[in-house]
Amino acid sequence: MGEFKLIKCGKMYNGVQDELQENVEILIKGKIIENVGSNLKCPEGTELIDLQDCTITPGMIDAHVHSQYIDWKTRNHDIVYRGPAWKSMCHLYVARECLYRGFTTIRSIGNSTYEARGSLAAREMIDLGLFPGARMVVTPHYMADVGSHGDHSQYLRTNPDLAEAFAQMTPTIGTGVEFFRHAVRNEIKMGADFIKIMINGGFSTPNDTPDDQQLSDEEIEVIIKTAHELGRTVTAHIYNSEQMMKVAKMGIDGMEHGSLITEDTARYMEEHNIYLVPTFCPYDDIINLNEESLKKKTPQFQEKLRQYSRRLQEGRRVIINSKLRLGYGTDFVAVHNAYENGYEYESWMNSGINPFRILRAATNTNAEILGLSHLIGTIEPGKLADISGWKRNLLTDPKALLDCAFVMKEGQTYETVAVE
């Protein structure tokens, strides 16, 4: 098989212009996009890939994947009863399944226990070409306080001795400025691409709320400062708008969820170019009141969604009408599996967001968020040949990203899998 490949596109979204271009060809040399245009001159022996029945996009990017779980129905069991070998293999499985669905890059968003470092090994094995999978950007462990949303020993709280033993396996869960200064340095030493802070409680855990601030101001400040000194960006698991404003003023790079955001915080984040990965889909069950899907969640998850329904609806409205720099991320730990990335597209479209804003979030903007915009996120000469193809209409079909027809990563094509 020759070094050159030519893709003939039906339509193409390049990640730069908000339009679908027609009569476009993509010439690929090895791993790299050589040229993009019409009627391209090709070297002898160039392999033709006819995708004139597809809309071509940059390889999709999911910026919020819990790649340590392969089945949402057994997640709570797997958190405490599955060992490091299993969880390490899960990272490889999820990365492969994401790739087969047109998502060529994922950001693995962290875990609590020591075995989370399996994500580093999975990242390296995929980069070395030993296993097929989406490119992984990784933080092994998030920074969290004792008893917080990130402290999974709470799932064993009815057996205090076992819970305490489990807590001893959580290297980045603790208390105090010096603890977190060391924790950040150690995670970066081990290979973390970025740092994540668990600031608020959550919806899925039993002992907290999305309004709880679970780290002190001093702890948050030292995490951000230490990470920035070592050249890493910082994102936060966060919901409460007042606390979002607080960490924005501390200089955080971005935030995850932000579901209770208000207008003043949105304006400040816009002005300071702070990104938000809003992870819409996990809250759709209450925003659109789907009782059948809602019942698939744990009782405490359901209860909190009902309690916060009005504020979740208002936060969604603020995000939709904002000019925030939005990234595309799924956060699937209930109802959908971590690799079923296309359901988030459906959620954004059903929320009334312009399809080009969604496509940009899942390509160009996410590449910026992950620090990879020099390599991926757009279809341009010099970028890696990460390319996906879709037969459904991306502009009108909310399920379009659930049905991948073609995927290429770094010039190599892979099989595809449709969710539905």
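Here are a few things to note about the model shown:
- Single unsatisfied condition, residue 134 versus (1) buried (at least 24 other Cβ atoms within 10 Å of the Cβ); (2) in contact with a Phe, Trp or Tyr (Cβ under 6 Å, 6 or more places away or on another chain); (3) more than 30 Å from residue 103 (Cα to Cα): (3)
- Filter result for residue 273 (of a type in the set (S, T, N, Q), within 19 Å of residue 370 (Cα to Cα) and touching a residue at least 12 places away in the same chain (Cβ under 8 Å)): yes
- The set of residues in region 67-108 that are of a type in the set (S, T, N, Q) and crowded, with 19+ Cβ neighbours inside 10 Å comprises 67, 68, 88, 104, 105, 108.
- Residues within region 383-420 that are under 22 Å from residue 346 (Cβ atoms) and hydroxyl-bearing (Ser, Thr, Tyr), tallied: 3
- Within region 97-122, considering residues that are charged (D, E, K, R) and in contact (Cβ under 8 Å) with a residue 60 or more places away in the chain, the one nearest to residue 255 (Cα to Cα): 107
- The C-beta contact set for region 330-343 (first residue at pLDDT 90 or above, second residue crowded, with 21+ Cβ neighbours inside 10 Å and of a type in the set (Val, Ile, Thr), distance under 6 angstrom, 6+ apart or interchain) comprises 331/279; 338/65; 338/94; 339/94; 341/330.
- Any hit, region 66-73, residues being within 21 Å of the chain's Cα centre (by Cα), within 26 Å of residue 195 (Cβ to Cβ), modelled with pLDDT under 95 and among the small types (Gly, Ala, Ser): yes
- 1 or more residues over 20 Å from residue 133 (Cα atoms), in contact with an Asp or Glu (Cβ under 6 Å, 6 or more places away or on another chain) and not assigned by TED's automatic domain parsing to the domain that holds residue 34: qualifying helices (runs of 4 or more DSSP H) within region 335-420: 343-350, 355-360
- Tally, over region 177-201, of residues that are touching a Pro at 6+ places or on another chain (Cβ under 8 Å) and either among the charged types (D, E, K, R) or crowded, with 20+ Cβ neighbours inside 10 Å (or both): 5
The values are calculated or read from the model by the stated rules, or taken from the named source; none is laboratory data. Owing to the predicted nature of the structure, the values given are computational and were not obtained by experimental measurement. Here Cβ is always computed from backbone atoms with ideal geometry, including for glycine, and neighbour counts include all displayed protein chains.
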